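**Q** This is the structure I want to talk about, given as structure tokens.
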Amino acid sequence: MASGHTATREKRGRELRVWDLPTRLFHWALATAVAVAILSAELDVLAVHMLAGETVLVLVLFRLAWGMVGSQTARFAEFVKGPGAIRDYLKRSRAGGEAAFTPGHNPLGALMVVALLLVLLAQAGSGLFTSDDILVDGPLVPLASGATVARLGSLHRLLANGIFLLVGLHVAAVLFHLLVKKDDLIRPMVTGRKVLPGRLAVTEPRRAPAALALAILAASAGLVFLVLRAAG
Ligand code: HEM
Ligand code: HEM
């Protein structure tokens, strides 16, 4: 396991701290920013839309970096697995209880996490080059040719449907876990803690320092700010 974490502790028959504060704040900020971006686009309030979209961009850049150097359960190397691990998880999942317990994302949910992050990155990136062809231009439109603006604008309008689909599937999967499998994933995303099933003993996932998260967030915001200023 990579370094840079706080000490590990054995927990038995109690709650396990699985999600750190940066990951939880990231999640609910992302959900809010995406909801505001979609709502404001529908209402045609494009100044708000672009601000919300740029916030999504900062958040996703933060999460991509946090997925490489952040806490154990946030790391992509920790939860992105191949088809074998997904089949194995599905088998364990049918057994339920202790067999199916995963401190962080399960290997199937991991696919959704990666898809959401990549599609949101493409959506926010293409938005910077999108124009409504009447009054409002994305901030980087002046840097691109007319053909590029037309292509990226089409991508932006097309991917919006992909985001509706992915977010719908994501929330449906979380509700399926809650209502059918009686496995509440929402509470841990709020409190950071999961209840250990049965007598299972699991080592508490290691957490990276919050100061590192703040530095990465500042760097992500700074990068987006510099890119936006590139158009003058
Ligand atoms: C626009 C709306 C949303 C987006 C874009 C979104 C996106 C994401 C992303 C990217 C993750 C991965 C978190 C990480 O590892 O950093 C995640 C996880 C999660 N989301 Fe959402 N989310 C949205 C709405 C919601 C809502 C409304 C709920 C609650 C009903 C929810 C519940 C969860 C839960 C429980 C997890 C953790 C799943 C697990 O334990 O593997 N999300 N979401
Ligand atoms: C993940 C974040 C984003 C989401 C979910 C999103 C979603 C949408 C949606 C649903 C539309 C309406 C499409 C249609 O009318 O068919 C739209 C249009 C638009 N978006 Fe975004 N967007 C995002 C980020 C951005 C960003 C960062 C910018 C620029 C800073 C931007 C600029 C625009 C513009 C200028 C339009 C108007 C296009 C038109 O009227 O044809 N968007 N976006």
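**Q** State in Å² the accessible area per residue of the chain; use a 1.4 Å probe, count heavy atoms of protein chains only, and round to the nearest integer.
**A** I get 55 Å² per residue for the chain.
**Q** Let me ask something additional. Which ³J(HN,Hα) values, rounded to whole Hz and listed in residue order, are derived for region 198-213 from phi using the Karplus coefficients 6.51, -1.76 and 1.60 in 6.51 cos²θ - 1.76 cosθ + 1.60 with θ = phi - 60°, glycine and proline given as x?
**A** x, 9, 4, 10, 9, 6, 5, x, 7, 10, 7, x, 4, 4, 5, 4
**Q** Ignoring ligands, DNA and RNA, what percent of the accessible area of the chain is carbon or sulfur (1.4 Å)?
**A** Roughly 69 percent, rounded to a whole number.
**Q** Report Rg(Cα)/(2.2 N^0.38 Å) for region 140-180, keeping two decimals.
**A** Against the compact-globule rule of thumb, the ratio is 1.84.
**Q** Here is a further query. ³J(HN,Hα) across region 131-139 via Karplus (A = 6.51, B = -1.76, C = 1.60, θ = phi - 60°), whole Hz, x for Gly/Pro?
**A** Going residue by residue, I get 10, 8, 6, 10, 10, 10, 10, x, x Hz, with x marking Gly and Pro.
**Q** Whole-Å semi-axes of region 14-229's equivalent ellipsoid, largest first, each the root of 5 times a Cα gyration tensor eigenvalue?
**A** Working through the eigenvalues yields semi-axes of 35, 19, 14 Å.
**Q** While we're on this one: Quick one: which residues, 5 or more positions from VAL18 or on another chain, have an amide H under 5 Å from its amide H? H modelled 1.01 Å from N in the peptide plane, none for Pro or chain starts.
**A** It is ARG193, LYS194, by chain and number.
**Q** Still on this structure, please answer the following. Return the long-range amide H neighbours of ALA231 (sequence gap of 5 or more, or a different chain), with a cut-off of under 5 Å between placed amide H atoms.
**A** Amide H neighbours of ALA231: none.
The values are calculated or read from the model by the stated rules, or taken from the named source; none is laboratory data. Note that the structure is predicted; figures quoted are calculated from it, not measured. Side chains are part of the model used for accessible areas, which takes the heavy atoms of the whole protein and leaves out ligands, DNA and RNA. Shrake-Rupley method; radii C 1.70, N 1.55, O 1.52, S 1.80 Å.
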